[in-house]
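Engineer: Attaching a single structure in structure tokens format; questions to follow.
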Amino acid sequence: MPYPGFTRPDLCSIPAANEQTEHAKSARDRLTADGRAPADDYPPAPLASSIDRAIRLSTAAAVLAVAGIAAYVSYWHAYAVVLAYGETGITARLEPATIDGLLCASSMLSGGRQGVV
């Protein structure tokens, strides 16, 4: 039983393969639907303006500045904790770098998935 408002397509009105030679020829000749040769960059790619470039550079600079501040604060906080637990010398200086390095490496290996460390 057909659905109300649904009409079956008339399969007899579909053109046969021998009637489609015009379309096959245009595909072989690499023409667009209106008979013109496509351009190399069809559709044309938008050009990046100097404002877009400035936005990207300022965004990168802001991210790097925040990351630098976070790394500085993280290192000196971990250094203070290591000193409080009695480590001195080179061990106290390198321990914070190993912690931050491990976090950095694990965040790169996780593929950007949230909550995976």
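Engineer: Calculate, for V73 and S49, the FRET efficiency according to 1/(1 + (r/R0)^6) with r their C-beta to C-beta distance and R0 41 Å; round to the nearest 0.05.
Structural biologist: Working: r = 36 Å, r/R0 = 0.89.
Rounded to the nearest 0.05, the efficiency is 0.65.
Engineer: Let me ask another. At a Förster distance of 35 Å, what's the computed FRET efficiency of I90 paired with V63, Cβ-Cβ distance as r, to 0.05? Intermediate results must be reported in sequence, preceding the final value.
Structural biologist: Working: r = 32 Å, r/R0 = 0.90.
The value I calculate is 0.65.
Values in this text are rule-based calculations from the coordinates and carry no lab data. Being a predicted model, the structure only gives us computed values, none of them experimental. A quick note on method: Cβ atoms are made from the backbone with ideal geometry, for glycine too, and the neighbour counts reach across all protein chains shown.
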